[in-house]
Amino acid sequence: MTTLRQDIPAGLVVFLVALPLCLGIAQASGLPPFAGLLTGVIGGLLVTSLSPSRFAVSGPAAGLVTIVVAAIETLGSFSAFLTALVIAGALQCLFGLLRAGHFIALVPGSVIKGMLAAIGILLIIQQIPVALGATGDAELISLANGEFAFSFPAMLVAGCGLLLLWLWTTPVVKKIGVLSWIPGPLMAVLAGCLATLFVPALSQGLPRIALPAFDSVAALAAGLEAPDWLAWRNPSVWVVAVTLALVASLETLLSQEALNKLRPQNPPPSPNREMFAQGVGNLTAGFLGAMPITAVIVRSSVNVSVGAQSKLSILIHGALLLICGLWFSNLLNVIPLASLAAVLLYTGYKLAAPRLFIDQMRMGTQQYVPFLATIGGIIAFGMLAGIGIGIATQILCSIYKSHRNALQLTRYDDHYVLRFQQNLTFMHNPKLQKLLAEIPENSVVIVDHDNVEYMDPDVKAVLQDFGENAGKRGIRLSQWPVAVK
């Protein structure tokens with residue numbers, strides 16, 4: 001109770017940030033807005049109760065929008081997708097019980113950044129038609145064909161929303177105490193609502209949120225969609241489930257890692273317990289007809305920055321989302337889709353900011369090539385295949401780099417120093433033979449092999465063959481690593 005003074009305002013601010021994101025992510029996924037609110041409630045109340053972290057906020061994530069859209073299209077129905085979500089939750093619980101959370105360290109940073117950038121690009125592509133006035137599943141192809149019906153009110157509202165989101169990041173706004181406490185996404189949504197209410201010329205051509213009103217618990221239960229249990233026999237359901245389990249777990253653990261840098265906890269929250277908590281949340285979301293849940297770094301960082309001291313702030317945010325969905329649906333129905341599109345476009349831009357590409361390029365080809373391969377793979381083949389392509393590319397780049405630096409030949413007058421930087425396998429033979437061929441007659445060869453604990457028999461055979469012929473060429477050997485007959 002001693003933390004109420006900090007946790008109550010923190011919970012209110014997190015709620016204000018989460019509300020437009022929950023609605024926008026649901027809308028972007030082609031699902032009813034209430035599904036987004038329900039996901040936020042499950043993440044805010046159930047997952048928070050089980051999570052080992054005091055500050056991590058869970059709910060619908062923009063990073064899963066593209067997976068949800070593609071999965072529903074592949075499976076043919078939302079109910080079949082819910083079956084995949086239940087299986088994904090069970091897999092996450094299993095990952096937690098098997099202590100698989102620590103394997104996050106094996107995923108290369110270039111692949112993780114590529115995954116986030118690809119999500120951002122896909123999110124931008126998906127939301128552009130909405131910002132231009134689309135009311136259904138309009139594709140970008142229709143823009144090129146000239147068949148798209150542009151909506152000036154939607155474009156104006158989306159443009160103003162993006163402008164406000166940018167202004168809220170500038171030092172001018174941050175210096176004003178009152179404004180700095182109001183989240184930028186909320187301001188973008190409020191501006192759209194005011195345009196809808198007070199500018200008749202804009203409101204007539206502006207698609208809005210359609211949130212149902214529930215007058216009883218029975219009506220609420222009737223409005224929830226149930227999983228199609230027969231869909232488990234469809235192999236595609238299992239592919240979607242594995243994809244959801246892996247990507248949701250990856251995003252959760254990355255968020256937890258980033259949050260630990262912002263607000264260290266001692267001892268650090270267990271990644272295995274966190275994965276189990278997320279699994280229970282996704283199991284519940286699948287049963288109740290909600291969306292996939294992850295820990296979300298944006299909301300979590302807001303929670304920390306406004307001074308939260310305990311889980312109470314997150315529980316308050318979850319309760320406020322529930323109250324809004326049940327009793328204030330008419331108020332939320334004035335929110336224009338274009339305002340939510342602006343919020344998601346800005347979110348996509350932050351995920352795929354040009355600065356990220358520049359930073360990866362400066363880190364060299366070993367980081368930049370897997371980064372681009374992950375992005376291209378996800379856009380072309382889907383999330384799971386793209387991540388696999390990125391990891392495979394990173395492995396190949398690392399092997400190449402390691403192979404290239406394993407052997408080094410340095411000349412000092414007629415002395416040559418051959419350095420072995422690591423253990424050698426048969427794959428190093430071509431490079432070794434090339435370097436040995438560069439050593440001229442009547443030279444002294446010194447071998448530095450202090451860093452080597454193992455050499456393949458094939459490598460030893462190459463060295464022994466060179467050593468046996470060295471005397472004929474007038475080459476003297478020093479510290480030769482294998483015996484010469």
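The values are calculated or read from the model by the stated rules, or taken from the named source; none is laboratory data. Bear in mind that the values here come from a model prediction, so they are computed numbers and not experimental data. Note: ideal-geometry Cβ built from the backbone for every residue, glycine included; neighbour counts use all protein chains shown. For the accessible areas, the whole protein counts, side chains as well, though only heavy atoms, and no ligand, DNA or RNA atoms are used. Shrake-Rupley method; radii C 1.70, N 1.55, O 1.52, S 1.80 Å.
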Tally, over the range 276-327, of residues that are buried (at least 24 other Cβ atoms within 10 Å of the Cβ) and closer than 29 Å to residue 241 by Cα: 21
I need the full set of residues from the range 236-275 which are in a loop (DSSP other than H, G, I, E, B), open to solvent by less than 30 Å² (accessible area, probe 1.4 Å) and under 15 Å from residue 101 (Cα atoms), in order please. 269
Of (1) open to solvent by 70 Å² or more (accessible area, probe 1.4 Å); (2) among the β-branched types (Val, Ile, Thr); (3) within 21 Å of residue 74 (Cβ to Cβ), residue 399 fails just (3)
Out of everything in the range 345-366 that is under 17 Å from the mean Cα position of the chain (by Cα) and among the polar types (S, T, N, Q), what residue ends up being modelled with the lowest pLDDT? 347
For residue 195, are the conditions met, namely being closer than 30 Å to residue 151 by Cα, open to solvent by less than 60 Å² (accessible area, probe 1.4 Å) and modelled with pLDDT of 80 or more? yes
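Okay, residues lined up against (1) open to solvent by 10 Å² or more (accessible area, probe 1.4 Å); (2) more than 22 Å from residue 259 (Cβ to Cβ):
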site: 58; (1), (2): no, no
site: 77; (1), (2): yes, yes
site: 102; (1), (2): yes, no
site: 107; (1), (2): yes, no
Which condition does residue 276 not pass, out of (1) touching a residue at least 60 places away in the same chain (Cβ under 8 Å); (2) more than 20 Å from the chain's Cα centre (by Cα), if it passes all the others? (2)
Note on the range 79-113: residues in contact with a Pro (Cβ under 7 Å, 6 or more places away or on another chain) and modelled with pLDDT under 90 are 101, 102, 104, 108, 110, 111
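Mind checking whether some residue in the range 264-282 is farther than 30 Å from residue 388 by Cβ and in contact with a helix residue (DSSP H, G or I) (Cβ under 6 Å, 6 or more places away or on another chain)?
Taking the range 264-282 and keeping what is farther than 30 Å from residue 388 by Cβ, we get 264-267.
Going one step further and asking which of them are in contact with a helix residue (DSSP H, G or I) (Cβ under 6 Å, 6 or more places away or on another chain), we end up with none.
Scanning the range 264-282, I find no residue that is farther than 30 Å from residue 388 by Cβ and in contact with a helix residue (DSSP H, G or I) (Cβ under 6 Å, 6 or more places away or on another chain), so the answer is no.
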Mind checking whether some residue in the range 23-41 is in a helix (DSSP H, G or I), in contact (Cβ under 8 Å) with a residue 12 or more places away in the chain and surrounded by fewer than 23 Cβ atoms within 10 Å (Cβ to Cβ)? no
Condition first: part of a loop (DSSP other than H, G, I, E, B) and of a type in the set (Val, Ile, Thr). Now tell me which residues in the range 450-464 satisfy that. 452
Can you pull out every residue in the range 65-75 that is buried (at least 17 other Cβ atoms within 10 Å of the Cβ) and within 22 Å of residue 374 (Cβ to Cβ)? 65, 66, 67, 68, 69, 71
So which residues in the range 404-441 are under 19 Å from residue 479 (Cβ atoms) and among the polar types (S, T, N, Q)? 408, 410, 421, 422, 423
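Here's the yes/no breakdown for (1) open to solvent by less than 60 Å² (accessible area, probe 1.4 Å); (2) polar (S, T, N, Q); (3) without any contact (Cβ under 8 Å) to a residue 24 or more places away in the chain; (4) under 30 Å from residue 67 (Cβ atoms):
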site	(1), (2), (3), (4)
369	no, no, no, yes
392	yes, no, yes, yes
412	no, no, yes, no
426	no, no, no, no
439	yes, no, no, no
453	no, no, no, no
457	no, no, yes, no
470	yes, no, no, no
476	no, no, no, no
Within the range 61-72, can one find any residue that is within 19 Å of residue 165 (Cβ to Cβ) and in a loop (DSSP other than H, G, I, E, B)? yes
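Every residue, every condition in (1) closer than 17 Å to residue 433 by Cα; (2) in contact with a helix residue (DSSP H, G or I) (Cβ under 8 Å, 6 or more places away or on another chain), yes or no:
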| position | (1), (2) |
| --- | --- |
| 381 | no, yes |
| 386 | no, yes |
| 390 | no, yes |
| 396 | no, no |
| 411 | yes, no |
So for the range 38-61 (the condition being out of contact with any helix residue (DSSP H, G or I) (no Cβ under 7 Å at 6 or more places or on another chain) and at positive phi), does at least one residue qualify? no
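Please count how many residues of the range 73-90 are part of a helix (DSSP H, G or I) and without any contact (Cβ under 8 Å) to a residue 60 or more places away in the chain.
So the answer is 1.
Assigned to a strand (DSSP E or B), surrounded by fewer than 18 Cβ atoms within 10 Å (Cβ to Cβ) and more than 48 Å from the chain's Cα centre (by Cα), is that true of residue 446?
Details: assigned to a strand (DSSP E or B): yes; surrounded by fewer than 18 Cβ atoms within 10 Å (Cβ to Cβ): yes; more than 48 Å from the chain's Cα centre (by Cα): yes.
Against the criterion (assigned to a strand (DSSP E or B), surrounded by fewer than 18 Cβ atoms within 10 Å (Cβ to Cβ) and more than 48 Å from the chain's Cα centre (by Cα)), residue 446 qualifies.
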Scanning for something over 20 Å from residue 243 (Cβ atoms) and surrounded by fewer than 20 Cβ atoms within 10 Å (Cβ to Cβ), does the range 375-388 turn up at least one residue? no
Just checking, which of 84, 118 is crowded, with 24+ Cβ neighbours inside 10 Å and closer than 15 Å to residue 251 by Cβ? 118
Exception for residue 46 within (1) at pLDDT below 90; (2) more than 22 Å from residue 187 (Cα to Cα) falls at (1)
